[in-house]
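These notes concern the structure reproduced below.
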Amino acid sequence: MSAAAGATPGTFCTVVEQSGSRPFSLTGGRGRLVYLPTPWSLPMTATTVLTARALLLDMDGTLVNSDASVERVWRRWADRNGLDGDEVMKVVHGRQGYASMALLLPDRPMEQNHADNARMLAEETADTDGVVPIPGAPEFLAALRGLPHALVTSADVALSTARMGAAGLALPDVRVTAESVGASKPDPEGFLKGAAELGTAPADCVAFEDSGAGITAARAAGMRVVGVGPRAALHGPDALVRDLTEVRVEAAAGGTVRLHIG
């Protein structure tokens, strides 16, 4: 199916209520197709409803806007290593630092990447200037109180605590941080651990992510994904929002969570 002649380029999505028992597709499945002129012009009547037993939440770009700090720290690193800053920024979102370095400097010993990553984490933890909540994040987290959810982040404990604190957001009780896993996103380990800690099957979880690495990780874990922000739009999440003001949380029957998206 394509847009009418002369129409603004865009995408199609299925408007549907969907639970963990069936994959959700932006291009098919039950429900009616709605044409979206751009990823950021959802018609007011287009609402996707997802049902889950638990939510797994990325931090940077999903709950917290830390782009200013990330840019400062990683562009300095790019300069020190003779790399193009713009190319570096295309890689680093969603991954642990050592994993980004391994992609950018494939011939460098991994021991050096881990040592560099430790220094970078310290720099990022100390640099919270401009770290703010994603619009709607305070209300979204408040609506999740008492409902099964976990933080799944590539940041370590110190960095996640600093950034959530700078944004004025409470940390979820269940947290999977860099120290908790042996592999960085896009490996699914973090999301699988989060689901296990909540006692929920991955297929019954919905992940919220902003990056390609994070979306790939959640998908590999067998989860549906709500993409948050413009980076997510490039990686085909199951549903897409500009920010968390476009998500409404409802406690449903049987201990489930109903998400109204759009």
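The values are calculated or read from the model by the stated rules, or taken from the named source; none is laboratory data. Model, not experiment: these values are computed from the prediction. No Cβ is skipped: glycine too gets one built from the backbone with ideal geometry, and neighbour counts run over all protein chains shown. The protein model used for the area step is the full one, side chains on, heavy atoms only, and it has no ligands, DNA or RNA in it. Shrake-Rupley method; radii C 1.70, N 1.55, O 1.52, S 1.80 Å.
Looking only at residues in the range 235-246 that are outside any strand (DSSP E or B) and out of contact with any Phe, Trp or Tyr (no Cβ under 8 Å at 6 or more places or on another chain), which one is least open to solvent (accessible area, probe 1.4 Å)? Spell out the reasoning first.
Let us first name the residues in the range 235-246 that are outside any strand (DSSP E or B), namely 235-238, 242-246.
Imposing the further condition that a residue be out of contact with any Phe, Trp or Tyr (no Cβ under 8 Å at 6 or more places or on another chain) reduces the set to 235-237, 243, 245-246.
Values: H235: 86, G236: 38, P237: 4, D243: 30, T245: 93, E246: 21 Å².
Across the range 235-246, the extreme among qualifying residues is P237.
Hey, can you tell me all the residues within the range 115-165 that are on the phi > 0 side of the Ramachandran plot and within 19 Å of the chain's Cα centre (by Cα)?
Taking the range 115-165 first, the residues on the phi > 0 side of the Ramachandran plot are 130, 136, 146.
Of everything in the range 115-165, just one residue is on the phi > 0 side of the Ramachandran plot and within 19 Å of the chain's Cα centre (by Cα), namely G136.
Is it true that A99 is closer than 18 Å to L159 by Cα, under 20 Å from the mean Cα position of the chain (by Cα), part of a helix (DSSP H, G or I) and hydrophobic (A, V, I, L, M, F, W, C)? Talk me through it step by step, then tell me what you get.
On the way: closer than 18 Å to L159 by Cα: yes; under 20 Å from the mean Cα position of the chain (by Cα): yes; part of a helix (DSSP H, G or I): yes; hydrophobic (A, V, I, L, M, F, W, C): yes.
Yes, satisfied.
Is it the case, given these coordinates, that V249 is assigned to a strand (DSSP E or B) and either in contact with a Pro (Cβ under 7 Å, 6 or more places away or on another chain) or open to solvent by less than 10 Å² (accessible area, probe 1.4 Å) (or both)?
Details: assigned to a strand (DSSP E or B): yes; either in contact with a Pro (Cβ under 7 Å, 6 or more places away or on another chain) or open to solvent by less than 10 Å² (accessible area, probe 1.4 Å) (or both): no.
No: the conditions fail for V249.
Scan A142, A170 and give me the residue that is touching a residue at least 24 places away in the same chain (Cβ under 8 Å) and surrounded by fewer than 20 Cβ atoms within 10 Å (Cβ to Cβ).
Matching residue, one of A142, A170: A170.
Can you tell me which residue is surrounded by the fewest Cβ atoms within 10 Å (Cβ to Cβ) among those in the range 203-234 that are outside any helix (DSSP H, G or I) and free of Cβ contacts under 8 Å to residues at least 60 places away in the same chain? Before the answer, list the steps.
Initial filter on the range 203-234 (outside any helix (DSSP H, G or I)): 205-211, 221-229, 234.
Narrowing the set further to residues that are free of Cβ contacts under 8 Å to residues at least 60 places away in the same chain leaves 221-222, 225, 227, 234.
Working: A221: 23, G222: 17, V225: 28, G227: 28, L234: 12.
Looking at the filtered set, the residue picked out is L234.
Could you check how many residues of the range 191-202 are within 17 Å of the chain's Cα centre (by Cα) and open to solvent by 10 Å² or more (accessible area, probe 1.4 Å)? Full working, then the answer.
Of the residues in the range 191-202, the ones within 17 Å of the chain's Cα centre (by Cα) are 191-195, 202.
So of that shortlist, the ones also open to solvent by 10 Å² or more (accessible area, probe 1.4 Å) come out as 192-193, 202.
Adding up the residues that qualify gives 3.
Restricting attention to the range 220-253, and to residues there that are among the acidic types (D, E) and farther than 20 Å from V132 by Cβ, which single residue is farthest from the chain's Cα centre (by Cα)?
Filtering first and then ranking leaves E250.
Pull up the range 145-167, narrow it to residues that are under 16 Å from V257 (Cβ atoms) and in a loop (DSSP other than H, G, I, E, B), then point me to the one that is most open to solvent (accessible area, probe 1.4 Å).
R145
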